[in-house]
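Note sheet for the following structure.
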Amino acid sequence: MLKPLNLSPNGPVVSRLVYGTWRLLADPALATPQAIARRLELCVDLGITTLDTAEIYGGYDVEERIGQALALAPHLKQKLQIITKFGIYVPHPRHPDRKVAFYDASAERVVKSTEKSLRLLGVDALDVLLVHRPDWFTAAQDTAQGLEQVISAGKVRYAGVSNYTVSQFDLLQSCLSQPLVTNQVELNLLAMGAMYDGTLDQCQQLRIHPMAWSPLGGGRLLNSDDPAAVRVRALCQSLRETYGGASVSTVAHAWVMAHPSGCVPVIGTNKEDRLRELVAASDLKMDRRDWYALWEAAQGHKIP
Ligand code: NAP
């Protein structure tokens with residue numbers, strides 16, 4: 001069973017692994033609200049009580065499907081923490097006037113998207129609302145005003161960001177009376193930028209847990225011919241015995257979780273057996289030497 005943690009001091013309690021829903025509708029096995037409800041039940045049973053979704057996921061359909069599933073199993077609403085994101089708008093048949101993709105994190109959009117997410121998900125409040133991507137066209141003050149408004153109305157419990165740089169985080173925080181509770185960023189053995197650009201350092205300084213999206217590089221760690229992925233897989237195979245038969249996926253998640261910022265992986269698999277395996281191995285403690293050996297395998301050179 002997974003142990004929950006506080007995403008930030010006095011912030012929301014989330015599960016140590018978060019269920020990502022970006023690819024939810026890509027799996028024919030999850031085509032019905034009943035199947036999604038069963039999947040959410042399983043997650044709760046396994047201790048994965050936090051759900052990560054977004055307005056844009058599944059061509060703007062995932063939130064609605066989750067809402068339909070929750071309507072079938074309303075008791076889950078008390079057991080799940082829902083994290084959603086807003087702010088990415090791409091051309092879509094439902095919006096024929098939208099000819100180009102754009103970001104919008106204006107106050108007006110914060111309020112509109114929050115209302116929409118609440119309606120589609122069928123819940124009274126969102127546990128955490130994240131700005132999906134920094135919107136260069138909106139003043140931080142404007143975004144902050146929208147976030148303050150939905151929080152003070154009780155529609156959103158906590159706010160955070162995703163894919164923000166350190167300075168973008170600082171700027172938005174300087175306009176807010178509420179502390180931002182996380183920065184959800186890409187982190188995996190094939191994408192280590194957040195370790196070098198100060199993002200994970202800032203999280204440690206603020207005592208907030210970053211959320212790590214695509215912990216398997218979107219599956220590339222498992223199935224691509226990229227030389228870095230091939231080297232990492234080979235090393236994981238040779239570490240298998242050391243870690244009690246752990247799979248490449250398990251070791252890759254453990255590598256992310258071992259970072260001292262306490263990264264919370266947002267897991268992407270739709271397969272039940274893979275979910276169970278990740279939970280079963282979630283307390284795998286990675287040895288310092290193995291962590292660095294994986295870094296070297298991924299980078300293709302020795303540490304400096
Ligand atoms: P991921 O775990 O890196 O990749 C998941 C993919 O890997 C799935 O297609 C999965 O297929 C495959 N996979 C998993 N285990 C495998 C195995 N043992 N062998 C072969 N393939 C395997 O995660 P992700 O889906 O890219 O991202 C996870 C979540 O992060 C998303 O759902 C979303 O919530 C969040 N996210 C956030 C942002 C952001 O900007 N904030 C961006 C991207 C994603 P199966 O389903 O078949 O296992």
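Before moving on, here are some points about what is shown:
- Solvent-accessible area of Leu25 with every protein chain in place, 1.4 Å probe, in Å² to the nearest 10: 50
- The charge dipole of the chain, taken about its Cα centre with unit charges on the Cβ atoms of Lys, Arg (+1), Asp and Glu (-1) only, comes to about 380 debye.
- DSSP beta bridges confined to the range 1-152 are antiparallel in about 40 percent of cases.
- Val166 exposes around 40 Å² of accessible area when a 1.4 Å probe is run over every protein chain in place.
- Accessible heavy-atom area order of Glu296, Glu115, highest first, probe of 1.4 Å: Glu115, Glu296
- Rounded, prolate or oblate (a/c below 1.5 giving rounded, otherwise prolate when a/b exceeds b/c) for the range 1-123 by Cα gyration tensor: oblate
- Protein-only accessible surface order, largest first, of Trp295, Trp22, Trp213, Trp136 at 1.4 Å: Trp136, Trp22, Trp213, Trp295
- Whole-angstrom gap from the range 41-74 to the range 162-231, using each part's C-alpha centre: 23
- The accessible-area ordering, largest first, of the residues Lys79, Lys155, Lys285 stands as Lys285, Lys79, Lys155, per a 1.4 angstrom probe.
- Cα pair distances exceeding 21 angstrom across the range 233-304, given as percent: 25
- Count of lysine pairs in the chain with Cα separation under 30 Å (8 or more residues apart, or interchain): 28
- Bridge type composition, the chain - antiparallel percent by DSSP, nearest 5: 20
The values are calculated or read from the model by the stated rules, or taken from the named source; none is laboratory data. These numbers were taken from a predicted model, which means no experiment stands behind them. Cβ sites come from the backbone with ideal geometry, for glycine too, and all protein chains shown count toward neighbours. When the accessible area is computed, the model is the full protein with side chains, heavy atoms only, and any ligands, DNA or RNA have been set aside. Shrake-Rupley method; radii C 1.70, N 1.55, O 1.52, S 1.80 Å.
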